[in-house]
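*Asks:* The structure's right below; bear with me while I get my questions together.
No value in this document is a laboratory result; all are computed from the given coordinates. For clarity, every value in this text was computed on a predicted model and none was experimentally measured. Backbone-built Cβ (ideal geometry, glycine too); neighbour counts: all protein chains shown.
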Amino acid sequence: MKRIIDRTILVRRVTLGIFSLIALIVVLSSEISPLNPLFSIPFLWLLLTVPFQALVHRQRSLRTLQWVHAGFFAVEVLLIAFLIHRMGGVEWIGVIFYLFTVMYANFFLPKFQGYLVTGIAVGSYVAVALLELFGVIPHVPLFRLQGPPHRSLSYVLATVLVGGIGIYAALAFTVRAFADLFHGKNRELQRERRKLEELSLKLLSAHEEERRRLSRMLHDELGQLLVAARWALRAGKLRETEKLLTQAVEGTRRLARDLRPPLLDELGLKPALEQLFQRFSASTGIRVRCRLPEGRLPVEVETAVYRLVQEALENVRRHAQAREVEVVLERSGRSLKGRIRDDGVGFRPGRVEGLGIPGMREWVNLVGGEFELRSSPGRGTEISFAIPLPR
């Protein structure tokens, strides 16, 4: 939103700069008094965008940003009202000067704030008209005409330059800027749609790969153990049968833990990861140092983090040749930050595909987080991520 507002500030500066230049030409080439604010008010309006832009960049939430934007629109309306009063009030084309402020307000602000700015614009114009009508404020004519308006060079020149060329050129530039914003958003949506399609294909491939892995485990391990147990039972070898069935039960439990560790659902992320680290160290001899947060997290966050750590440890097992792994998870404000670092051989990330990296990145993306991987040959690998947490 800040980038979009920066773009609108640029549009304002261009249109107000053009209008100020045209107004200066009108003032210098006609009978309009140089003291008339036809030039000074648009120039002041142009200068006002500088502190407004600085104030926009100081905001840290969308709501405050929108109210700052609405406040700027309100100040614009007051400047325009004064400009209309000094340019002949309801006599001339001043009512159209509200057009850009109302367009911007209803394009960028929520409905209530957009209608509020529109109401202020309408109210200010009506106020100028009524206050002049009842003599509360003086009527200041923009032109002092001796004859019909169409015979006055000042009137025709001001109307053509300000009304025809100035306002319509600014309107065309503004609409084109809006169109470019729409086209940019459409391109962004198309890129996101392509990413979702690629993610769907990857998820389908991952599901199929998981099915193949389960099929191999059931056939090659569990199936063979049960066949051997049956033959041992037929041969009357009860001790061997018991041993084979025990191995089959352990294999089934291990498969169930790999699919979904019970501790993750029952006690949360910390106990599930501690169990994972114990099994990993026992099977590989690689030491795991960890610092984990207490308490429960949202289910989807716990699942994503567990799968990410599981995949990272699998990479360490297969490729890293590491002696030690450090896993740090900590709450920071309304986010969960994590770091997984090993002292292995490392690699060049741009030259290596696979290694489960896309899967880890997708798990983080699914919960709205950010993922980063750093590695280099001989210096190990570090994975860091940040996941937003709900209030």
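*Asks:* How long is the gain from H139 to V345 if the chain were fully straight, where each residue apart is worth 0.36 nm and the alpha carbon distance is subtracted?
*Replies:* 65.9 nm
*Asks:* Hey, with R₀ at 45 Å, roughly what FRET efficiency would R289 and R63 work out to, going by the Cβ-Cβ distance, to 0.05?
*Replies:* Using R0 = 45 Å, I get an efficiency of 0.60.
*Asks:* So how do K111, K195, K243 line up by other beta-carbon neighbours within 10 Å, fewest first?
*Replies:* Arranged by neighbour count, lowest to highest, K111, K195, K243 become K111, K195, K243.
*Asks:* Pull out a ≥ b ≥ c, the square roots of the eigenvalues of the alpha-carbon gyration tensor of the range 272-391, then state rounded if a/c is under 1.5, prolate if not and a/b is larger than b/c, and oblate in the remaining case.
*Replies:* Oblate, because a/c is 1.5 or more while a/b does not exceed b/c.
*Asks:* Just the number, please: percent antiparallel of the DSSP beta bridges in the chain, rounded to the nearest 5.
*Replies:* Within the chain, antiparallel bridges account for around 80 percent of the total.
*Asks:* Which residue, chosen from A235, P377, L264, occupies the Cα position most advanced towards the positive end of the dipole of the chain, where the dipole is computed from +1 (Lys, Arg) and -1 (Asp, Glu) charges on Cβ about the Cα centre?
*Replies:* Farthest along the dipole direction, towards plus: A235.
*Asks:* How do K337, K185 rank when sorted from fewest to most other Cβ atoms within 10 Å of their own Cβ?
*Replies:* K185, K337
*Asks:* Moving on. Would you mind ranking M87, M217 so that the residue whose beta carbon has the fewest other beta carbons within 10 Å leads the list?
*Replies:* So the ranking, lowest neighbour count to highest, is M217, M87.
*Asks:* For a label point 7 angstrom out from the Cα of K195 toward its Cβ, which stretches of the range 307-331 have the backbone nitrogen within less than 15 Å?
*Replies:* In the range 307-331, the label zone of K195 (backbone N under 15 Å from the point 7 Å along Cα→Cβ) covers no residue.
*Asks:* Taking Cα pairs under 8 Å and at least six residues apart, what relative contact order does the chain come out at, in percent?
*Replies:* That works out to 10 percent.
*Asks:* Where does the chain land at 222 nm, in deg cm²/dmol rounded to the nearest 500, when only DSSP H runs of n ≥ 4 count, each adding -39500 (n - 2.57), divided by all residues?
*Replies:* So the helix-based figure for the chain works out to -21000 deg cm²/dmol.
*Asks:* Work out the P(r) tail for the range 53-92: percent of alpha carbon pairs separated by more than 13 Å, whole number.
*Replies:* Counting pairs separated by more than 13 Å, the tail of P(r) holds 59 percent.
*Asks:* Would you kindly state how much longer the chain becomes between V249 and R331 on full extension, computed as 0.36 nm times their sequence separation minus their alpha carbon distance, in nm to one decimal?
*Replies:* The V249-R331 span can extend by a further 25.7 nm.
*Asks:* Which semi-axis lengths, in whole Å and largest first, follow from the square roots of five times the eigenvalues of the Cα gyration tensor of the chain?
*Replies:* With the √(5λ) rule applied to the chain, the semi-axes are 73, 19, 19 Å.
*Asks:* Could you give the dipole magnitude of the chain about its Cα centre, charging the beta-carbon of Lys and Arg +1 and that of Asp and Glu -1, in debye to the nearest 20?
*Replies:* Charge dipole, the chain, about its Cα centre: 920 debye, nearest 20.
*Asks:* Counting only residues 5 or more places away or on other chains, whose amide H sits under 5 Å from the amide H of I137 once H atoms are built in the peptide plane?
*Replies:* Under 5 Å from the amide H of I137: E132.
*Asks:* Hey, what did the range 2-194 get for relative contact order, percent, Cα under 8 Å, at least 6 apart?
*Replies:* Computed value for the range 2-194: 28 percent relative contact order.
*Asks:* Sticking with this one: Near S200, within a Cβ-to-Cβ distance under 12 Å, what is the net charge of the other residues, with Lys and Arg +1 and Asp and Glu -1?
*Replies:* +1
*Asks:* Right, here's the next one. Looking at the chain, do any whole DSSP H helices span at least 30 angstrom along their long axis by alpha carbon and average 0.5 or above on Kyte-Doolittle, and which?
*Replies:* Those that clear 30 Å and a mean of 0.5 are 2-29, 62-86, 111-133.
*Asks:* Further question: Say each of R317 and R296 gets a label point 7 Å from the Cα, pointing the same way as Cα to Cβ; how far apart are those two points in nm?
*Replies:* 2.9
*Asks:* With r as the distance between the Cβ atoms of A54 and I4 and R0 = 22 Å, compute the FRET efficiency 1/(1 + (r/R0)^6) and round to 0.05.
*Replies:* Efficiency, rounded to the nearest 0.05: 0.85.
*Asks:* Next question, about the same structure. Can you find, among G135, V175, L196, the residue sitting farthest towards the positive end of the charge dipole of the chain, where Lys and Arg contribute +1 and Asp and Glu -1 at Cβ?
*Replies:* Selected residue: L196.
*Asks:* Be a star and scan the range 247-269 for residues whose amide nitrogen sits under 15 Å from the point 7 Å along the Cα-to-Cβ vector of R230.
*Replies:* Nothing falls inside the zone, counting backbone N under 15 Å.
*Asks:* Structure shown: which of K2/K195; K111/K185; K2/K111; K270/K337 lie over 22 Å apart, alpha-carbon to alpha-carbon?
*Replies:* The answer is K2/K195.
*Asks:* Another question, then. Note the direction-averaged projected area, equal to a quarter of the hull surface, for the Cα convex hull of the range 2-194, in nm².
*Replies:* So the mean shadow area of the Cα hull is 12.2 nm².
*Asks:* Over the range 201-348, what is the percentage of antiparallel beta bridges among all DSSP beta bridges, to the nearest 5?
*Replies:* 60
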